[in-house]
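Everything below concerns the one structure shown next.
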Amino acid sequence: MTDKILTFSSEKQSIVTGSALPDDCEPDIISLRPQHFSDYIGQPEMVETLKIAIEAAKQRSEPIEHVLFHGPPGLGKTTMAHIIASEMGGKLTVTSGPALEKGGDLVGVLTHLGEGDILFIDEIHRTPKAVEEFLYPAMEDFAIDFVFDKGVHARSHRYRLKHFTLVGATTRVGMLSSPLRDRFGIFKSLDFYSENDLINITRRSAKLLGLSIDDESALELAKRSRGTPRIVNRLLKRVRDYAQVRSDGTISVETVEAALALEGVDKVGLTNLDRSYIDTIIKFYNGGPVGIDAIAATLQEESDTLVDVVEPFLLKMGFIIRTSSGRKVSETAYRHFGIK
Ligand code: ADE
């Protein structure tokens, strides 16, 4: 395998980005990832749609249709691709839009897929246009068209592919071209998880890591993890380390509070970057409305990080409002931060 496959996002990250960090590829994270629907907690409508599609495809002895997942980082898009592959009994190949730099990169991956295999393309909205052109016939006709020569001498050769399933994931569904979007048979948006789901995910992960955690501590972690399983698992590990080194190894509400204070994570899961974002709009732009590029420039952050990682949770909390003339800080945020 080349490093173009099994490649994840390399955007600027902090402990609460929700994006995959190198740490997430360690053996213990692999085992935290549910492998089957029976281990999966949350997103009941999506799970039901996929269970039906998989069952129906299996009954017809066909691969499941191409699936597109949309939603903020860390909500389980990659996990779902793993589950689809294991439930269908196919091999999973993982790559990402930015890793597919040339048509040849994608052709190499496609030609190695077997019947019923799953190809997962993360950040599919960042696939270069020239590469995307190869995806259309691959998705629709399970073929690649090679064109030789130009003008009157142009000839094309069709290479047949095995019947595979493409699972695409994106944080920006609006950036997908319509020819690509239209070739997916199943389209699912992942939502932030409820507090109850996150408590159950924390309990499950703690058990897998051999930790004991009381209900109050699990609730405290759930409240501070921005509705995101990847974050709750990451914070649980930081709390585990803190309890081990600074306490007697027991996880309590006090260790959760102390460990997360050290990480700059507050009672509702806001981080230093969230606070700076809100602060910038209030101090420099009078509470808004202000364009995302201006906020990014003032904060010296990538605007993609703000849009993909910071804003979805602030919007969900009702702390910011997106208007046609830019972002505005809401009354709720002024109240939460105690600003007049
Ligand atoms: N770990 C991460 N996401 C999970 C989920 N949705 N269910 C169970 N464990 C998880």
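Observations
- The set of residues in region 205-223 that are within 16 Å of the ligand (Cβ to nearest atom) and open to solvent by less than 60 Å² (accessible area, probe 1.4 Å) comprises Ser205, Ala206, Leu209, Leu211, Ile213, Ala218, Leu221, Ala222.
- Verdict on Asp197 being surrounded by fewer than 18 Cβ atoms within 10 Å (Cβ to Cβ) and either away from the ligand (no atom under 16 Å from the Cβ) or under 18 Å from the mean Cα position of the chain (by Cα) (or both): no
- Among residues of region 325-340 that are on the phi > 0 side of the Ramachandran plot, those with a Cβ under 6 angstrom from a residue that is part of a loop (DSSP other than H, G, I, E, B), sequence gap 6+ or separate chain, pair up as Gly326/Gly288; Gly326/Pro289; Gly326/Gly291.
- Taking every residue in region 159-188 that is closer than 19 Å to Gly71 by Cβ and pairing it with any residue that is basic (Lys, Arg), at least 6 positions away or on another chain, the pairs with Cβ-Cβ distances below 7 Å are Ala169/Lys77.
- Cβ separations smaller than 6 Å between residues 6+ apart or across chains give the following pairs from region 90-112 residues that are among the charged types (D, E, K, R) to residues that are open to solvent by 10 Å² or more (accessible area, probe 1.4 Å): Lys91/Asp117; Asp105/Lys4.
- For Gln300: the one exception among (1) surrounded by fewer than 16 Cβ atoms within 10 Å (Cβ to Cβ); (2) within 26 Å of Gly71 (Cβ to Cβ); (3) without any contact (Cβ under 8 Å) to a residue 12 or more places away in the chain; (4) under 26 Å from the mean Cα position of the chain (by Cα): (2)
- Residue within region 45-60 that is on the phi > 0 side of the Ramachandran plot and assigned by TED's automatic domain parsing to the domain that holds Gly168 present: no
- Any hit, region 121-136, residues being part of a strand (DSSP E or B), open to solvent by less than 30 Å² (accessible area, probe 1.4 Å) and closer than 30 Å to Lys237 by Cβ: yes
Residues checked against (1) modelled with pLDDT under 95; (2) within 16 Å of the ligand (Cβ to nearest atom); (3) open to solvent by less than 50 Å² (accessible area, probe 1.4 Å):
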position	(1), (2), (3)
Leu6	yes, no, no
Ile30	yes, yes, no
Glu45	no, yes, no
Lys58	no, no, no
Ile64	no, no, yes
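The values are calculated or read from the model by the stated rules, or taken from the named source; none is laboratory data. If you're wondering where the values come from, they're calculated on a predicted model, not measured in any experiment. Heads up, the Cβs are rebuilt from the backbone with ideal geometry, glycines too, and the neighbour counts pull from every protein chain shown. These accessible areas exclude ligands, DNA and RNA; they are computed on the full protein's heavy atoms, side chains included. Shrake-Rupley method; radii C 1.70, N 1.55, O 1.52, S 1.80 Å.
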